[in-house]
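Have a look at the structure below before the remarks.
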Amino acid sequence: MGILIIDDSPDQQALLRVILGKAGHTDLLSADSAKTAFPMLDMDGQDPPLQIELILMDVLMPEMDGVEACRQIKSRPHLCDIPIIMVTAKNDRSNLQAAFAAGANDYITKPVNDVE
């Protein structure tokens, strides 16, 4: 299973890689922003997309937040079925509601732990 981690924190990316690696996942990709991730996802549908079957995305990122990035990914027919799990330090109702309205499938809170 190809998993794309989108997070502007190198430490958070590393932590998720370790947790996922221990769970047996080896096909892990990382991006530090939505802008970096979008070419990996082939947002225009021009190139064969990478085999990404799950996206873990931070909510708070520079330039474009995770909610807007989620909305844009889910608006693409060739990407709309990829599950997106938001990774956030903010678990207040309004942020979660916005993430789910944008198409997120679930969320986990930071700091991420291996049980979740």
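Please treat every number below as a calculation from the coordinates, not as lab data. All values derive from a computational prediction rather than experimental measurement. Every residue, glycine as well, gets a Cβ built from its backbone with ideal geometry; the counts of neighbours run over all protein chains shown.
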Exercise. Per the helix-only calculation at 222 nm, which mean residue ellipticity applies to the chain, given -39500 (n - 2.57) for every DSSP H run of n ≥ 4 and division by its residues, nearest 500 deg cm²/dmol?
Worked result: -10000 deg cm²/dmol
Problem set entry | Fraction in percent of alpha-carbon pairs per bin - 5 Å, region 57-113 | 4, 22, 33, 24, 13, 4, 1
Seminar exercise, completed: Shape descriptors of the chain over alpha-carbon atoms, Rg and Dmax in angstrom, are 13.1, 38
Problem set entry | Rounded to the nearest 20 debye, dipole of the chain from Cβ charges on Lys, Arg, Asp, Glu | 240 debye
Exercise. When DSSP beta bridges are limited to those with both residues in the chain, what percentage is antiparallel, rounded to the nearest 5?
Worked result: 0 percent
Problem set entry | Listed residue (Gln97, Leu20, Pro111) projecting farthest to the positive dipole end of the chain, Cβ model | Gln97
Exercise. Using the Cα atoms as the points, what is the convex hull volume per residue of region 1-44 in Å³?
Worked result: 50 Å³
